[in-house]
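Read-outs: derived from the displayed coordinates by stated rules, not from any lab. If you're wondering where the values come from, they're calculated on a predicted model, not measured in any experiment. Methodologically, a virtual Cβ is constructed for each residue, glycine included, from the backbone with ideal geometry; neighbour enumeration extends over all protein chains shown.
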Amino acid sequence: MQYRYRKNHKITLFYHFKEKENTIASFEKLTQQKYGFSYFYLDKKNNQLSADFTMFFNAFLGDSNSPVAYQMLEGLQKGKNYTWNFQWNKKLSSLLNLSLNYFGRKSENTSTIHTGMVQLKADF
């Protein structure tokens, strides 16, 4: 579901249901539910802001410490997982763009992981 108010604001709510099964060897099985929302804003001064938050509920049967599990779980853990990110972009001039990015994730049995990035890009 997507809601746009005014020309430059957009909010999206989503839900995905996915099932995966390994029928070749160990017969691992994943049932995943994914809930989340995202927000996007663009102003007249060339600022762009986006943020999102996602919750994953992974019901996984099998050895969760195997390469197959890593692939099926897409790098997440079984149980509850949360991911979020924030991006801000600013066009400084006709040649320079500045980007700030922050990513976070948390699983039930792990510490929160924070990642950030700053980028100054010159287009010529």
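Summing charges over neighbours of Arg6, with a neighbour being any other residue whose Cβ is under 12 Å away from its Cβ, gives +3 when K and R count +1 and D and E count -1. Starting from the Cα of Met117, move 7 Å in the Cα-to-Cβ direction to define the label point; list residues of segment 54-74 whose amide nitrogen is under 20 Å from there. Only 54, 74 pass the distance filter.
Candidate cross-link partners of Lys45 among the lysines, defined by an alpha-carbon separation under 30 Å and a same-chain spacing of 8 or more, comprise Lys7, Lys10, Lys90, Lys91, Lys121. Between Lys80, Lys91, Lys106, the GNM of the chain built on Cα springs shorter than 10 angstrom shows Lys91 fluctuating the most.
Figure the gain on full extension for Leu42 and Leu92 (residue separation times 0.36 nm, minus the Cα-Cα span) and round it to one decimal in nm. Walk me through the intermediate numbers first.
Numbers: separation 50, 0.36 × 50 = 18.00 nm, distance 1.47 nm.
In short, 16.5 nm is gained.
Which one, Leu13, Leu49, Leu96, has the greatest fluctuation when you compute a Gaussian network model over the chain with C-alpha springs under 10 angstrom? Of Leu13, Leu49, Leu96, the Gaussian network model singles out Leu96 as fluctuating most. Put a plus charge on the Cβ of each Lys and Arg, a minus charge on the Cβ of each Asp and Glu, and nothing anywhere else: the dipole of the chain about its Cα centre is then about 760 debye. Simple rule: put +1 on each Lys or Arg Cβ and -1 on each Asp or Glu Cβ in segment 2-87, find the dipole, and look at Asn65, Phe27, Gln87; the Cα lying farthest toward the positive end is Gln87. Taking θ as phi - 60° and the Karplus parameters 6.51, -1.76 and 1.60, the scalar couplings of segment 105-120 work out to 8, 8, 10, 4, 10, 10, 6, 5, 10, 10, 9, x, 8, 10, 9, 10 Hz in sequence order, x denoting glycine and proline. Projected onto their three principal axes, the Cα atoms of segment 2-87 cover extents of 55, 20, 20 Å, largest first.
Counting only other residues whose beta carbon sits under 9 Å from that of Gln32, what net charge do I get with K and R as +1, D and E as -1? Mind dumping the intermediate values first?
Numbers: positive: Lys18, Lys20, Lys34; negative: Glu19, Glu74.
Result for the neighbourhood of Gln32: +1.
Summary value for the chain: 17 percent relative contact order, contacts being C-alpha pairs under 8 angstrom separated by 6+ residues.
In terms of Cα to Cα distance under 18 Å, which lysines are near enough to Lys20, apart from those fewer than 8 places away along the same chain? The reachable lysines, counting only those whose Cα sits under 18 Å from Lys20, are Lys29, Lys34, Lys78, Lys80.
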